[in-house]
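Engineer: Can you keep this structure in mind? I'll have questions shortly.
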Amino acid sequence: MLNQYPLWKYIVLILALVFGVIFALPNLFGEDPSVQVSHRTKSLAEEDLSLIEKTLSDNNITIKGSELNQGRALLRLDDENAQLQAAEILKSSLPKQYLVALNLAPATPEWLRMLNAAPMYLGLDLRGGVHFLMEVDMAAAIKRLEESLLSDIRSHMRSEKIRYRGITRDETGLHIRFRNADSMYQAVDSLEDQFRELAFSVDEKDLVIDAKLTEVAIRDEKRAALQQNIITLRNRVNELGVAEPVIQQQGDSRIVVQLPGIQDTAGAKKILGATATLEFRLAEGTRTDWEDAERTGRIPLNALLYRERDGGPVLLKRRVIVTGDQIIDAASTIDQQKGVPAVAVRLDGKGAKKMGETTRENVKKPMAVVFIENKVESKQVGDEVVKKRTTVKEVINVSTIQEQFSNRFQITGLGSEEARDLALLLRAGSLRAPVEIIEERTVGPSLGKDNIDQGFMSVMIGFVLVLVFMAFYYKTFGLIANLALTANLVFIVAILSLLQATLTLPGIAGIVLTVGMAVDANVLIFERIREELRNGNSPQASIHAGYEKAFSTITDANVTTLLAAIVLFSLGTGPVKGFAVTLSIGIITSMFTAIVGTRAIVNLLYGGRTIKKLAI
């Protein structure tokens, strides 16, 4: 018989609707102001959670609920004032290894959480926070690799006892000069076996070997620099204590960092963009020798002239004892003897061995700590953007080695804030290449709330206007279309929640557009039914023909829009992708509800019956 569905189709539709309602529901319950506590080196256990709860209860802070999730403690509180008080108390009371972050935890009921139902994430434009687009200085990464290879080549030539005049580096690569051809050919044979990342060429006339990085080595170094910087930035964000950060690659040289809830843009920029590291070197001569070297310009061959923070000269040996790369832990503290801010440092095995050997052989001699910072600044010169790279090196501490030490010691000579920042940077690791923040956006929480309210209002206004028009123009069939449109919204929210997608303002725009487009299919079907009725066909035949004949037109229109959404997603960036995702989901769900959903209700109302007139 015409216009009848079998029972199994109705069961499938009901199950789909129940599924949609369950996974859309968590978005109605809002969020609890919360405090998230984690540990730098381990996952938290029940005893840690008990300690945190006791700390808050001793300070008369009421906890709404607490839980352990993925090694982190989450404590739910009644309001934002209690949240801020709890965060301050925990930061001051817990040991420094604990990291405290403000968070907003979904207030989803337990029975929904047992079904793994969770609300959508909200983007920065809806939640508030800081967005950075950072560009990795790939030229500096390549330069660093070449300088490392230059040092390795020197060591290799010495170990192989190959005589050479000198080795230099410039923009075209590395250049090794020789006094005779025999040494040159001996060197090129040895170097080609040892350094596969370099392509060597021989200048027989000038007795020079030129070495350039291969394309494969350049590509690998750029990829490694990008990935290591992402890891380092993630470590630094964890140290800042930001809940649910987004750190991801964009293109082949850029990194997107989004920090929800962070309002201190300057502080975040200072930590994320810093490329600070340390070098430990022995001092050369006495303070009188340093002043003579500055005055006369005569610097010993085995030394370099540096500056202390007060501008005074310091002569340091060329050989570096330990670098910041060999530091595995650092914490800001107070020097017990002098009562000044300090950074307690712990070295890895290799660094500890070198430090132990050096301090054993140089007791009562001065050793210096050199603070090194790389900066990249962009300036508009005419029509071009010129990047200016500067490296600042200053001696922050010169002290006499009193006894042998190896893997643990302290650095002084810093302010309290500098000590905290340096400890954070050393713990998180140094960036493999400098980064420059080329775009930043800050969204306040109040603006985010306004965006949510206005976005919700725009969806509701568009939704209600469509409902009123359809009910007025198509009567009973219009009400059926309105039911399908409501189900469509439920399905969109459910799928976004199930995918744990991030909803942004452009995403809301995609939903608003889908609300308008969702009834297009029903308009085509209903107009086809009316046309069939005007041609004298029976109501049952008109319903059947209306759905059958409109199907191809509906499919063509929606597939075209879906292809456009796919192109937007593949070529666009963050906000455009958000729009494309919600539009794509909306197109698919609207086809399901407008064709299958409305047909099921129409069949239920009119199928298998003799009817003389349709309310359309």
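Engineer: Specify the residue that is farthest from the chain's Cα centre (by Cα); the eligible residues are those in segment 75-84 that are buried (at least 17 other Cβ atoms within 10 Å of the Cβ) and in a helix (DSSP H, G or I).
Structural biologist: Step one: of segment 75-84, the residues buried (at least 17 other Cβ atoms within 10 Å of the Cβ) are 75-77, 82-83.
Cutting the leftovers down to in a helix (DSSP H, G or I) gives us 82-83.
Details: A82: 29, Q83: 25 Å.
Applying the filter and picking the extreme gives A82.
Engineer: So for segment 51-65 (the condition being surrounded by 15 or more Cβ atoms within 10 Å (Cβ to Cβ), touching a residue at least 40 places away in the same chain (Cβ under 8 Å) and closer than 27 Å to N451 by Cα), does at least one residue qualify?
Structural biologist: Among the residues of segment 51-65, not one is surrounded by 15 or more Cβ atoms within 10 Å (Cβ to Cβ), touching a residue at least 40 places away in the same chain (Cβ under 8 Å) and closer than 27 Å to N451 by Cα, which makes the answer no.
Engineer: Could you check S34 against (1) surrounded by fewer than 18 Cβ atoms within 10 Å (Cβ to Cβ); (2) over 30 Å from I543 (Cα atoms) and say which number it fails?
Structural biologist: Going through (1) surrounded by fewer than 18 Cβ atoms within 10 Å (Cβ to Cβ); (2) over 30 Å from I543 (Cα atoms) one by one, S34 breaks only (1).
Engineer: Please identify the pairs in which a residue from segment 533-559 that is under 20 Å from R609 (Cβ atoms) and in contact (Cβ under 8 Å) with a residue 24 or more places away in the chain has its Cβ atom under 9 Å from the Cβ atom of a residue that is basic (K, R) and surrounded by 14 or more Cβ atoms within 10 Å (Cβ to Cβ), counting only partners at least 6 apart or on another chain.
Structural biologist: S542/R528; S542/R530; I543/R599; Y547/R528; Y547/R599
Engineer: Mind listing whichever residues of segment 54-82 are under 23 Å from N238 (Cβ atoms) and either at pLDDT below 85 or of a type in the set (D, E) (or both)?
Structural biologist: If we filter segment 54-82 for residues that are under 23 Å from N238 (Cβ atoms), which is where we start, we get 55-56, 66-77.
Matches in segment 54-82: E67, N69, Q70, G71, R72.
Engineer: Could you say which residue among L524, L568, L604, L563 is touching a Ser or Thr at 6+ places or on another chain (Cβ under 7 Å) and farther than 16 Å from A487 by Cα? Lay out the reasoning, then the answer.
Structural biologist: Details: L568 fails: touching a Ser or Thr at 6+ places or on another chain (Cβ under 7 Å); L604 fails: touching a Ser or Thr at 6+ places or on another chain (Cβ under 7 Å); L563 fails: touching a Ser or Thr at 6+ places or on another chain (Cβ under 7 Å).
None of the other options fit; the residue is L524.
Engineer: Given the criteria modelled with pLDDT under 85, in a helix (DSSP H, G or I) and touching a Phe, Trp or Tyr at 6+ places or on another chain (Cβ under 8 Å), does D152 qualify?
Structural biologist: Details: modelled with pLDDT under 85: yes; in a helix (DSSP H, G or I): yes; touching a Phe, Trp or Tyr at 6+ places or on another chain (Cβ under 8 Å): yes.
Yes: the conditions hold for D152.
Engineer: Any idea which of (1) part of a strand (DSSP E or B); (2) modelled with pLDDT of 85 or more; (3) touching a strand residue (DSSP E or B) at 6+ places or on another chain (Cβ under 6 Å) is the one L49 doesn't satisfy?
Structural biologist: (1)
Engineer: Another question about this same structure. Consider segment 471-489. How many of its residues are surrounded by fewer than 21 Cβ atoms within 10 Å (Cβ to Cβ) and either touching a Pro at 6+ places or on another chain (Cβ under 9 Å) or in contact (Cβ under 8 Å) with a residue 60 or more places away in the chain (or both)?
Structural biologist: Total satisfying the criteria: 3.
Engineer: Additional query: Which ranges mark the helices (runs of 4 or more DSSP H) fully within segment 510-616 that have 1 or more residues being farther than 23 Å from I14 by Cβ and among the small types (G, A, S)?
Structural biologist: On the way: elements: 520-534, 539-571, 574-591, 598-606.
Once the helices (runs of 4 or more DSSP H) in segment 510-616 are filtered for at least 1 residues that are farther than 23 Å from I14 by Cβ and among the small types (G, A, S), what remains is 539-571, 574-591.
Engineer: Can you tell me how many residues in segment 346-369 are β-branched (V, I, T) and loosely packed, with under 15 Cβ neighbours inside 10 Å?
Structural biologist: Of the residues in segment 346-369, the ones β-branched (V, I, T) are 358-359, 363, 369.
Among the residues that remain, those that are also loosely packed, with under 15 Cβ neighbours inside 10 Å are: 363.
Of the residues in that region, 1 qualify.
Engineer: If you check A330 against the conditions, is it touching a helix residue (DSSP H, G or I) at 6+ places or on another chain (Cβ under 6 Å) and surrounded by 19 or more Cβ atoms within 10 Å (Cβ to Cβ)?
Structural biologist: Considered against the rule, which asks whether it is touching a helix residue (DSSP H, G or I) at 6+ places or on another chain (Cβ under 6 Å) and surrounded by 19 or more Cβ atoms within 10 Å (Cβ to Cβ), A330 comes out as yes.
Engineer: Right, next: Restricting attention to segment 163-201, which residues are surrounded by 14 or more Cβ atoms within 10 Å (Cβ to Cβ), of a type outside the set (G, A, S) and either in a strand (DSSP E or B) or outside the structural domain of S148 (by TED's automatic domain parsing) (or both)?
Structural biologist: Within segment 163-201, I167, R169, L174, H175, I176, R177, L198, F200 qualify.
Engineer: Would you mention how many residues in segment 271-308 are within 36 Å of the chain's Cα centre (by Cα), farther than 22 Å from S399 by Cβ and either of a type in the set (A, V, I, L, M) or modelled with pLDDT of 85 or more (or both)? Even if it seems obvious, please write down each step before you answer.
Structural biologist: So in segment 271-308, the residues within 36 Å of the chain's Cα centre (by Cα) come out as 271-281.
Retained after the next criterion (residues that are farther than 22 Å from S399 by Cβ): 271-275.
Going one step further and asking which of them are either of a type in the set (A, V, I, L, M) or modelled with pLDDT of 85 or more (or both), we end up with 271-272, 274.
The total comes to 3.
Engineer: If I ask for residues that are assigned to a strand (DSSP E or B) and over 17 Å from L278 (Cα atoms), which ones from segment 312-340 would you list? Break it down into steps so the answer makes sense when it comes.
Structural biologist: First pass over segment 312-340, keeping only residues assigned to a strand (DSSP E or B): 313-323, 327-334.
Across segment 312-340, the qualifying residues are P313, T333, I334.
Let's see how each residue does on (1) farther than 15 Å from G30 by Cβ; (2) at pLDDT below 85; (3) buried (at least 22 other Cβ atoms within 10 Å of the Cβ):
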| residue | (1), (2), (3) |
| --- | --- |
| A105 | no, yes, no |
| E110 | yes, yes, no |
| G123 | yes, yes, yes |
| R127 | no, yes, yes |
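Engineer: Quick check on this structure: which one of A330, A352 is more than 18 Å from L282 (Cα to Cα) and among the hydrophobic types (A, V, I, L, M, F, W, C)? Don't jump to the end; show me each part of the working.
Structural biologist: Values: A352 fails: more than 18 Å from L282 (Cα to Cα).
Testing whether each residue is more than 18 Å from L282 (Cα to Cα) and among the hydrophobic types (A, V, I, L, M, F, W, C) leaves just A330.
Conditions (1) modelled with pLDDT under 85; (2) more than 23 Å from G123 (Cα to Cα); (3) in contact with a helix residue (DSSP H, G or I) (Cβ under 7 Å, 6 or more places away or on another chain), marked per residue:
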residue: R534; (1), (2), (3): no, yes, no
residue: L562; (1), (2), (3): no, yes, yes
residue: A565; (1), (2), (3): no, no, yes
residue: S584; (1), (2), (3): no, no, yes
residue: I611; (1), (2), (3): yes, yes, yes
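Engineer: Scan segment 333-358 residue by residue and report those that are of a type in the set (S, T, N, Q) and modelled with pLDDT under 80. If you could, list the steps in order and put the result at the bottom.
Structural biologist: Within segment 333-358, the first condition is being of a type in the set (S, T, N, Q), and the residues that meet it are 333, 336-337, 358.
Q336, Q337, listed by residue number.
Engineer: Let me ask you something else. Being part of a helix (DSSP H, G or I) and closer than 29 Å to R219 by Cα narrows it down to one of R144, R158, so name that one.
Structural biologist: Details: R158 fails: closer than 29 Å to R219 by Cα.
When all the criteria are applied, what remains is R144.
Engineer: Check whether at least one residue in segment 90-111 is outside any helix (DSSP H, G or I), of a type in the set (G, A, S) and closer than 27 Å to I231 by Cα, and report yes or no. I'd like the intermediate steps shown before the answer.
Structural biologist: We begin by selecting, within segment 90-111, every residue outside any helix (DSSP H, G or I); these are 94-109.
Okay, now just the ones that are also of a type in the set (G, A, S), so 101, 105, 107.
Add one more test, that the residue is closer than 27 Å to I231 by Cα, and what stays is 101, 105.
Within segment 90-111 (the criterion being outside any helix (DSSP H, G or I), of a type in the set (G, A, S) and closer than 27 Å to I231 by Cα), the answer is yes, since at least one residue qualifies.
Engineer: Taking A87, is it touching a residue at least 24 places away in the same chain (Cβ under 8 Å) and not assigned by TED's automatic domain parsing to the domain that holds M591? Show your work before the answer.
Structural biologist: Numbers: touching a residue at least 24 places away in the same chain (Cβ under 8 Å): yes; not assigned by TED's automatic domain parsing to the domain that holds M591: yes.
For A87, the condition - touching a residue at least 24 places away in the same chain (Cβ under 8 Å) and not assigned by TED's automatic domain parsing to the domain that holds M591 - is met.
Engineer: Counting only residues that are surrounded by 18 or more Cβ atoms within 10 Å (Cβ to Cβ) and closer than 13 Å to A521 by Cβ, which one in segment 545-560 is nearest to the chain's Cα centre (by Cα)? Step through it out loud before you land on a result.
Structural biologist: To start, the set of residues in segment 545-560 that are surrounded by 18 or more Cβ atoms within 10 Å (Cβ to Cβ) comprises 545-547, 550, 554, 558.
With closer than 13 Å to A521 by Cβ added as a condition, the list becomes 546-547, 550, 554, 558.
On the way: G546: 50, Y547: 47, A550: 46, I554: 40, N558: 34 Å.
So the residue we want is N558.
The values are calculated or read from the model by the stated rules, or taken from the named source; none is laboratory data. Everything quoted here is computed from the prediction, not taken from an experiment. So basically every Cβ, Gly included, is an ideal-geometry build from the backbone, and we count neighbours across all protein chains shown.
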